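Just so you know, all these numbers are worked out from the coordinates, no wet-lab data involved. All values derive from a computational prediction rather than experimental measurement. Cβ placement follows ideal geometry from the backbone for every residue including glycine, while neighbour counts extend to all protein chains displayed.
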Amino acid sequence: MPQGVVAVVGASGFVGSLLTRALAGAGWTVRAIVPSAVAVDRLRALGYQVALADVRDRRSLDAGLAGCRAAVHLVAILRESGDETYDSVNRQGAGNVAEAIKIAGLDRLIHLSALGAGPSCTRYLRSKWAGEEEVRRSGARHVIFRPSFIMGPGGGSAEQFAQAVTYGPWYPLRLLLGGDSVFAAFANLTPVIPILGSGQARFMPVDHRDLFSAVLQALERDDVLGETFELGGPDVVTFDQIMDTVAEVLRLRRWKLHIPGGVASMIIRIFSVLPNPPIMPDEYETLQVDNVCDNTNAVQTFRLSLRPFAMSLRDALQGSVSSGGLVGGE
Ligand SMILES: NC(=O)c1ccc[n+]([C@@H]2O[C@H](COP(=O)([O-])OP(=O)(O)OC[C@H]3O[C@@H](n4cnc5c(N)ncnc54)[C@H](OP(=O)(O)O)[C@@H]3O)[C@@H](O)[C@H]2O)c1
């Protein structure tokens, strides 16, 4: 049974909400570190220690991490907004967390990057790579994971895909105006899923439980320190296959309508002026290229028995699926 306090930086997000539970279940005392007071009461009620810290503010991190044995860093933004930029949050924020951990003398940092992170790809993935570089440079003892799409209940990609399938061409309007049942009904009358681009890029969605099994081990094993592990699920699936599987799980009959690259780019530019666009140019670009990896190192090192994609998706959507669509998908 692990001894000590583990800080989860970004505990209120999709992965954080699931990971805090898994860590507590494994015997860790969890300190949830979040940037605003919004989630504090909920996290305290779950029995966690809670600290407020913004990764862009080193001093708030020093206070939040004091007395912890280790930390898992989950903070990243997919979309920039005002002074929350990829550089300030995804790169510099990771650097601040690593530096604070090094100076406070924590045993180690587990840093979540993303599959495909590298110096010459989309802006988001470049910022994730720059965050990794900050961690490596910091001198903090660390392990880095680069997961593919993480499948789990309560949000993330599974929920987004399910909404895209449920609301079809009405998805952008539903995001803008709300109103689940109205747009679900419209979508049943126009049962197509618009797919931007060819739908042929390949992905390896991974189950959160498999990722967490590796993270829990990485918190305690010295032989993995300093390593970077790519981690996808066992199935390589195209975007089209993902959408088909989602429709099957939701028990919805849908036809895919592919929108060619030039037209898709124009539509996305129009979307980007909406307050809550379904997709941004950088996200579109990311979805057009293969995002796959060789899992061998992670699977062998952590003795993982990876859950198949269809099973992960079904488990992730269980509870938010009614017969023929989503329930409560705001
Ligand atoms: N989800 C996936 O499929 C996936 C795949 C590959 C890699 N990853 C990586 O996994 C990590 C977690 O992803 P996620 O899906 O859980 O993201 P998420 O749901 O957006 O959660 C991000 C967390 O970061 C917090 N946060 C945002 N800005 C902050 C700041 N300036 N200072 C401190 N905290 C801040 C958020 O707090 P609020 O909720 O209060 O804003 C939230 O707790 C990320 O590093 C991501 O790149 C995720």
Problem - Listed residues Leu115, Leu19, Leu46, most fluctuating in the chain (Gaussian network, C-alpha, under 10 Å) - result: Leu46
Handout entry: Relative contact order of the chain, defined on C-alpha pairs under 8 angstrom at six or more residues apart (%)
Key = 16
Problem - In segment 55-110, the trypsin sites (Lys or Arg not before Pro) that fall in loop regions by DSSP, at most 13 other Cβ within 10 Å - result: Arg79
Handout entry: Choice from Pro205, Pro275, Pro260 showing the highest fluctuation, given a GNM over the chain with Cα pairs closer than 10 Å
Key = Pro275
Practice task
Note down the nm distance, to one decimal, between modelled labels 7 Å out along Cα→Cβ at Asp240 and at Cys121.
Solution key: 2.3
Handout entry: 5 angstrom amide H check on Phe229, placed H, neighbours 5+ away
Key = Ile144, Phe145, Arg146
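Express in nm, to one decimal, how much length is gained between Ile103 and Arg21 on full extension, taking 0.36 nm for each residue of separation and deducting their alpha carbon distance. Kindly include the intermediate steps, with their values, before the conclusion.
Details: separation 82, 0.36 × 82 = 29.52 nm, distance 2.76 nm.
Length gained between Ile103 and Arg21: 26.8 nm.
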Practice task
May I ask you to derive the relative contact order of segment 5-147, considering only C-alpha pairs under 8 Å and at least 6 residues apart, and to give it as an integer percent?
Solution key: 20
Handout entry: ³J(HN,Hα) computed for each position of segment 282-292 - Karplus, 6.51 cos²θ - 1.76 cosθ + 1.60, integer Hz, glycine/proline x
Key = 5, 5, 4, 4, 4, 7, 8, 10, 3, 9, 10
Problem - Residues of segment 37-75 with amide N under 20 Å of the 7 Å Cα→Cβ point at Arg221 - result: 70-73
Problem - Among Val299, Val38, Val237, residue whose mean-square fluctuation peaks in a GNM of the chain (springs only between Cα atoms under 10 Å) - result: Val38
Completion exercise
Residue separation between Asp294 and Ile77 times 0.36 nm, minus their alpha-carbon distance, gives in nm 75.5 nm
Problem - In segment 210-311, trypsin sites (Lys or Arg not before Pro) in a DSSP loop with at most 15 other beta-carbon atoms within 10 Å - result: Arg221, Arg251, Arg253, Arg303
Exercise for the section: Give me the distance in nm between label points sitting 7 Å out from Cα along the Cα-to-Cβ direction at Met1 and Ser272, one decimal. Expected result: 5.3
Handout entry: Nearest-ten-degree value, helix 180-189 long axis tilted from longest Cα axis of the chain
Key = 40
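Summing -39500 (n - 2.57) over the DSSP H runs of n ≥ 4 in the chain and dividing by its residue number, what mean residue ellipticity at 222 nm do you reach, to the nearest 500 deg cm²/dmol?
Calculated mean residue ellipticity at 222 nm is -12500 deg cm²/dmol.
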Fill in the blank from the handout: From fewest to most C-beta neighbours within 10 Å, the residues Met311, Met243 line up as Met311, Met243
Exercise for the section: For the chain, find the longest principal axis of its Cα atoms and tell me its angle to the long axis of helix 261-271, 0 to 90°, nearest 10. Expected result: 70
Problem - Note, ³J(HN,Hα) from phi for segment 72-86, Karplus 6.51, -1.76, 1.60, rounded to Hz, x at Gly and Pro - result: 10, 9, 10, 6, 6, 10, 8, 10, 7, 8, x, 8, 8, 10, 4
Exercise for the section: Could you pull the Cα extents of segment 5-147 along its three principal axes, largest to smallest, in whole Å? Expected result: 42, 30, 28
Handout entry: segment 37-45 - phi-based ³J(HN,Hα) in whole Hz, Karplus 6.51/-1.76/1.60, Gly and Pro as x
Key = 6, 3, 9, 4, 4, 4, 6, 5, 4
Practice task
Compute the separation of the alpha-carbon centres of segment 139-218 and segment 40-56 and state it in Å as a whole number.
Solution key: 26
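Under a Cβ-Cβ cut-off of 15 Å, what is the net charge of the residues other than Glu99 that fall near it, where Lys and Arg count +1 and Asp and Glu count -1? Each step should come with its number before you reach the end.
On the way: positive: Arg56, Arg58, Arg59, Arg91, Lys102, Arg108, Arg136, Arg137, Arg141; negative: Asp54, Asp57, Asp62, Glu132, Glu133, Glu134.
Result for the local shell: +3.
R0 = 41 Å: FRET efficiency of Asp87 with Asn188, Cβ-based, nearest 0.05?
On the way: r = 43 Å, r/R0 = 1.06.
The formula returns an efficiency of 0.40 here.
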Exercise for the section: Between Ala310 and Ala66, take the C-beta separation as r, use R0 = 41 Å, and let me know the FRET efficiency to the nearest 0.05. Expected result: 0.40
Exercise for the section: Round to the nearest 10 and give me the degree value, 0 to 90, for the angle of helix 239-250's Cα axis relative to the longest principal axis of the chain. Expected result: 80
Handout entry: Inter-label distance for Arg202 and Lys256, nm, one decimal - labels placed 7 Å from Cα along Cα-to-Cβ
Key = 1.5
Completion exercise
Mean projected area, convex hull of alpha-carbon positions in the chain, reported to one decimal in nm², is 16.0
